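Please read the structure below before turning to the comments.
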Amino acid sequence: MSTDHELEAALRRVMTAGDADEAAPQRILARLERLPPQKRGLAWWPAALMDWNFAPAWPRLAALAGAAVLGISIGLSNFGTRIAADLDLVRVASADDAGAGVFDTDLLTGLRP
Amino acid sequence: MEGPSDHDLMARTAQGDRRAFQTLAQRHAGRAFGLARRMLGNGAIAEEIVQDALLRVWTNAPRWRPEAAFRTWLYRVVVNLCLNARRRAPDLPLDAAAHVADPAPGADAQLETRERDRRLAAAIDALPDRQRTAIVLIYQEGLSNAETAALLDTSVSGVETLLVRAKRALRIALAE
């Protein structure tokens, strides 16, 4: 084959000639009737949550729904308040706070703003 | 292509949908077998390769990320398995050259073409692995140079170099 064109034509002819064994794909599929378990590592659920392609996926939706229910439950109960109080995150205003040195008492009521 | 896309079928396969996987396998098994058979020249081993590749698709489906087309991913698995098979057994027995098209009976020119095609097929089988793979992917599977480069994990210029060397070797073999 002297020219590249002739070689190209021959390559396409040879490479696209029909395969003699047309039953082979069916044999392959028949052997795939019984499938082994899929590999799904223990850490699959964090990966599912971190999947940013935003395609709907039940693990992510279930986690979001669970977090929402948990947050609402904590909010509706006084559990959160008790925790905050235990951690001294909330201080009830008293006469000992800094406001006593900032605001003057009202002349009529005697109360501080 | 009618029916669900490869992407949708893979997403369902990742969820354990066996019927989706069977549909996907049925859709691609034939072409994958043709690719493996061309690369190896041995139909029996090509069947094992494709079965292995599709099993890997099934077992690893939950980890699949759609960074490339499914066909490209599957072909890459098949190509790598074929190259590994060739490295382990470089003297694989070749099937008879049944992949040369029968010409219409009669003319001497057609018989000459058939003989030349038979010699070309044998020369392709004798190419180094990566050159033969490039020839098969481009001339049999109809992939572009860019798709072939992605599949072989090389650059487009790398594919073009493989093709130049392969064609040079084929011309030399046919001239003998």
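The values are calculated or read from the model by the stated rules, or taken from the named source; none is laboratory data. Given the structure is predicted, the values throughout are model-derived calculations rather than measurements. Note that we place each Cβ from the backbone using ideal geometry, even for glycine, and neighbour counts take in every protein chain shown. When the accessible area is computed, the model is the full protein with side chains, heavy atoms only, and any ligands, DNA or RNA have been set aside. Shrake-Rupley method; radii C 1.70, N 1.55, O 1.52, S 1.80 Å.
B:ALA101 passes every criterion in (1) more than 9 Å from every other protein chain (Cβ to nearest Cβ); (2) at pLDDT below 90 apart from (1).
Criterion first (within 18 Å of A:LEU35 (Cβ to Cβ), out of contact with any helix residue (DSSP H, G or I) (no Cβ under 6 Å at 6 or more places or on another chain) and within 12 Å of chain A (Cβ to nearest Cβ)) does B:ALA11 satisfy it? In short, yes.
The set of residues in region B:27-64 being crowded, with 16+ Cβ neighbours inside 10 Å and among the small types (Gly, Ala, Ser) consists of B:ALA29, B:GLY30, B:ALA32, B:GLY34, B:ALA36, B:GLY41, B:GLY43, B:ALA46, B:ALA53, B:ALA61. On the basis of being of a type outside the set (Ser, Thr, Tyr) and within 9 Å of chain A (Cβ to nearest Cβ), does B:ARG37 make the cut? Answer is yes for this residue.
Taken over region B:13-71, the residue count meeting the criterion of being in contact (Cβ under 8 Å) with a residue 40 or more places away in the chain, aliphatic (A, V, I, L, M) and farther than 28 Å from B:ILE135 by Cα is 2. Considering region B:46-73 alone, what residues qualify as being within 16 Å of the chain's Cα centre (by Cα) and within 11 Å of chain A (Cβ to nearest Cβ)? Once the filter is applied, which keeps residues that are within 16 Å of the chain's Cα centre (by Cα) and within 11 Å of chain A (Cβ to nearest Cβ), region B:46-73 yields B:ALA46, B:GLU47, B:GLU48, B:ILE49, B:VAL50, B:GLN51, B:ASP52, B:ALA53, B:LEU54.
Number of residues in region B:128-138 that are open to solvent by 10 Å² or more (accessible area, probe 1.4 Å) and within 14 Å of chain A (Cβ to nearest Cβ): the value is 2.
On the basis of being at pLDDT 60 or above, open to solvent by less than 50 Å² (accessible area, probe 1.4 Å) and away from every other protein chain (no Cβ under 14 Å), does A:GLY80 make the cut?
yes
Each residue in region B:13-26 was checked for being part of a helix (DSSP H, G or I) and surrounded by fewer than 16 Cβ atoms within 10 Å (Cβ to Cβ), and 3 of them qualify.
State all residues of region B:129-142 that are of a type outside the set (Gly, Ala, Ser) and free of Cβ contacts under 8 Å to residues at least 24 places away in the same chain; if no residue qualifies, say none. Quick ask: steps written out before the conclusion?
Just the residues of region B:129-142 that are of a type outside the set (Gly, Ala, Ser), to begin with: B:129-133, B:135-141.
B:TYR139 - this is the single residue of region B:129-142 that is of a type outside the set (Gly, Ala, Ser) and free of Cβ contacts under 8 Å to residues at least 24 places away in the same chain.
Return the only residue of B:GLU147, B:GLU160, B:GLU115 being assigned to a helix (DSSP H, G or I) and modelled with pLDDT under 90. Just a single option satisfies the conditions, and that option is B:GLU115.
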